[in-house]
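Comments concern the structure below.
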Amino acid sequence: MKTELIALDWGTSSLRAYRLGAAAQLIEERSLALGIMQLDGSDAGFERALQQACGDWQEADPHVPLIACGMVGSVQGWREAAYVEAPLTAADLGAALRPVERTDGMPLWLVPGVIQRGALPNVMRGEETQVFGLLEEHSQDQGSLLIGLPGSHSKWVTVEQGQLSRFHTFMTGEVYSALLAHTILGRTAVMRDAFDAQAFERGLRVAQSSDGLGGPLSTIFSSRTLVLTGALSGEAQPDYLSGLLIGHELMAMRTLCHASADQPIVLIGNGALCSRYLWALEHCGFESLRFAPQATVTGLWKIAVGAGLVGASSGSSAHV
């Protein structure tokens with residue numbers, strides 16, 4: 001099958017490459033531990049990584065366009081692709097692609113991140129591609145939709161009439177890891193692979209109770225004191241803390257996003273983590289919930305179409 005687009009999801013720790021045919025059909029994919037933090041930051045270093053990921057694809061089809069999203073377009077990346085202001089559409093991202101001109105081969109077009117201006121600015125880089133990929137795959141979702149992207153920095157994105165309207169960020173995953181690794185809470189915690197659903201749900205209940213009104217800073221110490229008093233085992237502590245933090249996140253999200261129980265919500269991301277969030281959302285009373293697999297590939301294709309790099313259906317290439 002003829003290659004129409006080489007699409008890259010180039011993040012902090014990994015580089016995922018996708019060879020796409022007409023109408024975004026996936027022909028081949030690769031994943032390498034060549035994220036931007038594994039490189040020396042030089043043009044030569046980024047070029048070597050790109051060649052390792054898809055050099056043979058480029059040699060076979062020298063005129064195929066390349067597009068990349070993620071941290072490769074950040075200040076620490078190959079080139080900075082400046083943020084585009086929300087609200088915006090996929091076409092707005094396509095119009096703001098930043099080219100990396102290369103000595104040999106086609107330019108690499110970088111997808112910009114998104115910035116939300118205000119007293120407390122908010123940014124995302126990479127998640128916007130997933131959001132528009134989801135909308136492309138589920139074209140029926142053209143009304144008001146809330147998209148959750150759980151992770152180290154969880155994003156909650158409000159989509160209205162096909163536009164990425166506004167979003168909120170919660171550092172839940174990173175705070176969870178830091179608390180267990182670098183505070184006294186980790187001294188009593190016993191890490192294990194098995195999921196303790198009862199402890200997780202207990203944390204959710206505390207976050208939603210009157211005891212949780214003071215916020216996470218007033219409740220996280222309970223993950224230690226409950227162990228010290230014998231009310232919780234050390235093995236249960238990590239899942240209790242997880243439920244507590246996710247519960248606080250969802251309570252704040254409900255307020256910030258004005259989310260009612262029947263608000264349609266779609267989660268994108270890691271299956272295991274999304275399953276925790278789905279459990280927590282149900283526990284918090286939300287009723288219209290769905291899980292969607294990663295939508296990066298579809299999003300990159302959609303943005304490439306908007307930029308004129310490829311045709312919407314025929315797959316014929318056109319250069320910006």
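The values are calculated or read from the model by the stated rules, or taken from the named source; none is laboratory data. Predicted model only: the values in this text are computed from it and were never measured. Cβ: placed from backbone, ideal geometry, glycine included. Neighbour counts: every protein chain shown. Keep in mind that these areas ignore ligands, DNA and RNA; they rest on the heavy atoms of the full protein, side chains included. Shrake-Rupley method; radii C 1.70, N 1.55, O 1.52, S 1.80 Å.
Examine region 216-233 for a residue that is under 24 Å from the mean Cα position of the chain (by Cα) and open to solvent by 40 Å² or more (accessible area, probe 1.4 Å), and state whether such a residue exists.
Within region 216-233, one or more residues are under 24 Å from the mean Cα position of the chain (by Cα) and open to solvent by 40 Å² or more (accessible area, probe 1.4 Å).
Residues that are among the hydrophobic types (A, V, I, L, M, F, W, C), touching a residue at least 40 places away in the same chain (Cβ under 8 Å) and within 17 Å of ILE67 (Cβ to Cβ): does region 26-34 have at least one? Yes, region 26-34 contains at least one residue that is among the hydrophobic types (A, V, I, L, M, F, W, C), touching a residue at least 40 places away in the same chain (Cβ under 8 Å) and within 17 Å of ILE67 (Cβ to Cβ). Filtering region 71-89 to residues that are hydrophobic (A, V, I, L, M, F, W, C) and open to solvent by 10 Å² or more (accessible area, probe 1.4 Å) leaves MET71, VAL75, TRP78, ALA82, VAL84, ALA86. Of everything in region 255-300 that is among the polar types (S, T, N, Q) and free of Cβ contacts under 8 Å to residues at least 24 places away in the same chain, the residue that is nearest to ASP9 (Cα to Cα) is SER275.
Conditions first: (1) closer than 25 Å to CYS274 by Cβ; (2) modelled with pLDDT of 95 or more. ASP193 passes all but one, so which condition is the exception? Just one mismatch for ASP193, condition (2). Among the residues making up region 228-253, a single one is touching a strand residue (DSSP E or B) at 6+ places or on another chain (Cβ under 9 Å) and of a type in the set (Val, Ile, Thr): ILE246. Does GLY118 satisfy being closer than 20 Å to ARG166 by Cα and out of contact with any strand residue (DSSP E or B) (no Cβ under 9 Å at 6 or more places or on another chain)? Yes.
Where the second residue is open to solvent by 20 Å² or more (accessible area, probe 1.4 Å) and acidic (Asp, Glu) and the first is touching a residue at least 60 places away in the same chain (Cβ under 8 Å) and lies in region 56-69, which pairs have Cβ atoms under 7 Å and are six or more apart or on separate chains? Every condition considered, the pairs that remain are CYS69/ASP9.
Residues that are closer than 19 Å to ALA24 by Cβ: list the strands (runs of 3 or more DSSP E) wholly contained in region 93-142 that include at least 2 such residues.
Working: elements: 98-100, 108-110, 114-116, 122-124.
By residue number, 108-110.
Within region 98-114, the set of residues being farther than 17 Å from GLU160 by Cα and either under 19 Å from the mean Cα position of the chain (by Cα) or among the β-branched types (Val, Ile, Thr) (or both) comprises VAL100, THR103, LEU110, VAL111, PRO112, GLY113. Take the conditions (1) in a helix (DSSP H, G or I); (2) surrounded by fewer than 21 Cβ atoms within 10 Å (Cβ to Cβ); (3) not basic (Lys, Arg); MET191 misses just one of them, which is (1).
Take residues that are surrounded by 16 or more Cβ atoms within 10 Å (Cβ to Cβ) and tell me which of the strands (runs of 3 or more DSSP E) falling wholly in region 6-70 contain 3 or more.
On the way: elements: 15-20, 26-32, 66-69.
The qualifying strands (runs of 3 or more DSSP E) are 15-20, 66-69.
Is it true that some residue in region 240-252 is part of a loop (DSSP other than H, G, I, E, B), surrounded by 14 or more Cβ atoms within 10 Å (Cβ to Cβ) and not small (Gly, Ala, Ser)?
Pass one, region 240-252, residues part of a loop (DSSP other than H, G, I, E, B): none.
For region 240-252, residues part of a loop (DSSP other than H, G, I, E, B), surrounded by 14 or more Cβ atoms within 10 Å (Cβ to Cβ) and not small (Gly, Ala, Ser): absent.
For region 128-142, the count of residues that are within 22 Å of ILE268 (Cα to Cα), open to solvent by 40 Å² or more (accessible area, probe 1.4 Å) and modelled with pLDDT of 95 or more is zero.
Go through the residues of region 73-90 one by one and say whether even a single one is among the aromatic types (Phe, Trp, Tyr), in a helix (DSSP H, G or I) and either over 17 Å from ALA304 (Cα atoms) or within 22 Å of the chain's Cα centre (by Cα) (or both). Reasoning before the result, please.
Of all residues in region 73-90, those among the aromatic types (Phe, Trp, Tyr) come to 78, 83.
Subsequent filtering for residues that are in a helix (DSSP H, G or I) retains none.
No: region 73-90 contains no residue that is among the aromatic types (Phe, Trp, Tyr), in a helix (DSSP H, G or I) and either over 17 Å from ALA304 (Cα atoms) or within 22 Å of the chain's Cα centre (by Cα) (or both).
The requirement of being within 16 Å of TYR176 (Cβ to Cβ), of a type in the set (A, V, I, L, M) and open to solvent by less than 60 Å² (accessible area, probe 1.4 Å) is fulfilled somewhere in region 265-276, by at least one residue.
Scan region 143-162 for residues that are over 19 Å from SER13 (Cβ atoms), free of Cβ contacts under 8 Å to residues at least 40 places away in the same chain and open to solvent by 40 Å² or more (accessible area, probe 1.4 Å) and the total you get is 1.
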